[in-house]
1. Those residues that are buried (at least 24 other Cβ atoms within 10 Å of the Cβ) and part of a strand (DSSP E or B), I need them from the stretch 232-248; list them, please.
2. Out of all the residues in the stretch 242-273, which are within 16 Å of the ligand (Cβ to nearest atom) and of a type in the set (D, E, K, R)?
3. Please list, ordered by first then second residue, the pairs with beta carbon atoms under 6 Å, 6 or more apart or interchain, first in the stretch 174-198 and closer than 17 Å to residue 214 by Cα, second surrounded by 13 or more Cβ atoms within 10 Å (Cβ to Cβ) and among the acidic types (Asp, Glu).
4. For the condition crowded, with 16+ Cβ neighbours inside 10 Å and touching a Pro at 6+ places or on another chain (Cβ under 6 Å), what is the one hit in 137, 83?
5. Take the residues in the stretch 172-194 that are touching a Ser or Thr at 6+ places or on another chain (Cβ under 8 Å) and under 21 Å from residue 269 (Cβ atoms), then tell me which one is surrounded by the most Cβ atoms within 10 Å (Cβ to Cβ).
6. Checking the conditions here, which among 104, 109, 150, 127 is away from the ligand (no atom under 16 Å from the Cβ), touching a residue at least 40 places away in the same chain (Cβ under 8 Å), aliphatic (A, V, I, L, M) and closer than 21 Å to residue 30 by Cα?
7. Looking at the stretch 130-147 only, could you name the residues that are within 16 Å of the ligand (Cβ to nearest atom) and of a type in the set (S, T, N, Q)?
8. If you scan the stretch 195-204, which residues turn out to be surrounded by fewer than 20 Cβ atoms within 10 Å (Cβ to Cβ) and either assigned to a loop (DSSP other than H, G, I, E, B) or not charged (D, E, K, R) (or both)?
Amino acid sequence: MSDLMTQLKETAAYIQSKVNTTAKVGIVLGSGLGNLADVIKVEHAIAYTDIPHFPVSTVKGHGGKLLFGELGGTKVIVMSGRFHFYEGYDATQVVFPIRVMKLLGVETLLLSNAAGAVNANYKVGDLMILKDHISFFTANPLLGKNEEALGTRFPDMSEPYNPELIKKALAIAKANNILVHQGIYTAVTGPTFETHAEYQLIKIVGSDVVGMSTVQETIAAVHCGMKVFAVSVITDMGIREQHNIITHEEVLQAAKDAEPKLTLLFTELAKVV
Ligand code: HPA
């Protein structure tokens, strides 16, 4: 067995020895979006620092815990805090927890993130469901020797985000009067926010938003056969007329303000996945 598979199995076995999870739904909470954890009926929580082979999150606003419990009556595993490429982890480390979830039996992954909009029709606080992504400005997590036990060498990526889940989310949003866009997320490494010219470039290549997460997790999840749904909270406008300084604090605050909408969407979605 490869080192990676050995580590994944050791980690999954450790977690199962503690919590005995049967959850089929995994959730990743993005920057400033950790409060969804408050509406989860948490049965077990394990700090990342206690999990063998897990990287440790270092960024302000990230909880750094794996939660096991119920959301909307559905058993879930929740990453409260994720690992970012910009923190210095390689892309394989970034997606390690996603693969652990797969080994634990998770079939559906719900991802959230904070993102900057380059679509001028979007506003700070809006939600955008990812219908596609562009991964070319960050590292692909499947670079290197392929792990055949997880998935194929050249995975199809024509439909990374599950259309059925998107349909269900749109229906939930409509029923609850929540405005949601559907658009394209471009992943960058960060940690710098983009220059004017970079936001412009990202717009020109066809994206609606830009962010520093999610896409590596999506690729790893699709590779190992999981269904993926992802949503961005728009925390800043990359394209705007006036002088444009973006701060991490502004991003976290905007995410926090928009969080109730995301909580509702994920809670309702968890009931019907
Ligand atoms: N750019 C990149 N990542 C981000 C942004 C942004 O404007 N906002 C939140 N995450």
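1. Of all residues in the stretch 232-248, those buried (at least 24 other Cβ atoms within 10 Å of the Cβ) come to 232-235, 238.
Of everything in the stretch 232-248, those that are buried (at least 24 other Cβ atoms within 10 Å of the Cβ) and part of a strand (DSSP E or B) turn out to be 232, 233, 234, 235.
2. Step one: of the stretch 242-273, the residues within 16 Å of the ligand (Cβ to nearest atom) are 242-259, 262.
Selection gives 249, 250, 256, 257, 259.
3. Filtered contacts from the stretch 174-198: 183/208; 184/132; 184/208.
4. On the way: 137 fails: touching a Pro at 6+ places or on another chain (Cβ under 6 Å).
From the options 137, 83, the qualifying one is 83.
5. Of the stretch 172-194, the ones touching a Ser or Thr at 6+ places or on another chain (Cβ under 8 Å) are 183-189.
Pick out the ones that are also under 21 Å from residue 269 (Cβ atoms) and you get 183-185.
Values: 183: 23, 184: 19, 185: 28.
So, considering only residues that are touching a Ser or Thr at 6+ places or on another chain (Cβ under 8 Å) and under 21 Å from residue 269 (Cβ atoms), the one surrounded by the most Cβ atoms within 10 Å (Cβ to Cβ) is 185.
6. Details: 104 fails: closer than 21 Å to residue 30 by Cα; 150 fails: closer than 21 Å to residue 30 by Cα; 127 fails: away from the ligand (no atom under 16 Å from the Cβ).
Answer to the selection: 109.
7. Of everything in the stretch 130-147, those that are within 16 Å of the ligand (Cβ to nearest atom) and of a type in the set (S, T, N, Q) turn out to be 135, 138.
8. As a first pass, look at the stretch 195-204 and keep what is surrounded by fewer than 20 Cβ atoms within 10 Å (Cβ to Cβ): 195-198, 200-201, 203-204.
Scanning the stretch 195-204 gives 195, 196, 197, 200, 201, 204.
The values are calculated or read from the model by the stated rules, or taken from the named source; none is laboratory data. None of these values were measured; they are calculated from a predicted model. FYI the Cβ positions are ideal-geometry reconstructions off the backbone, even for glycines, and counts take in every protein chain you see.
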